[in-house]
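Working notes, structure below.
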Amino acid sequence: SVLPLRLPPDCVSTIQHERFRHTLDLVNSNLVVIGGMKSCKDNCILLFDLKTAAWKIPKLEGDEFIVMNTHSTVHHESAVYIFGGIDSDGNSLNQILQVSIHFNENTCRIRKLDFHLNLKLNLNLNL
């Protein structure tokens, strides 16, 4: 069954990030919003704690995070994997990023994965 989400009236106004063409993943008891268009210019990862109804803007560490939209995500344990997308100049992104989320520290560690090497290895194994 679907339970209604009741947020405090001031909750939505605490983060001024209108966006579309973003992704949303549920990781533990947090919504993880990545990328999108409109006012997404710098840190384009937002965390929303469903238990406290509080938004957080995590500190990004590791590899460069490119502002993106129209990408795909999937999560596994406390990491979100991002594939593809379009950068802010309209260029296609041919990448896979692993975003390891550390909720207690309010940080996200970005790691670019070399999927070309993995694809070559998998193709060679299937021959």
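The values are calculated or read from the model by the stated rules, or taken from the named source; none is laboratory data. From a predicted model like this one, the values you see are computed outputs, not experimental measurements. Note that each Cβ is placed from the backbone with ideal geometry, even for glycine, and that neighbours are counted across all protein chains shown. Remember, those area values only see protein heavy atoms, side chains included, never the ligands or the DNA or RNA. Shrake-Rupley method; radii C 1.70, N 1.55, O 1.52, S 1.80 Å.
Listed values, structure above:
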quantity: Enumeration of residues in region 62-91 that are open to solvent by less than 40 Å² (accessible area, probe 1.4 Å) and small (Gly, Ala, Ser); calculated: Ala79, Gly84, Gly85
quantity: Number of positions in region 32-51 that are outside any loop (DSSP other than H, G, I, E, B), open to solvent by 40 Å² or more (accessible area, probe 1.4 Å) and more than 21 Å from Asn94 (Cα to Cα); calculated: 1
quantity: Residue pairs meeting the criteria (Cβ under 6 Å; at least 6 apart or on separate chains; first of a type in the set (D, E, K, R), in region 49-78; second open to solvent by 70 Å² or more (accessible area, probe 1.4 Å)); calculated: Glu61/Arg109; Asp63/Arg111; Asp63/Lys112
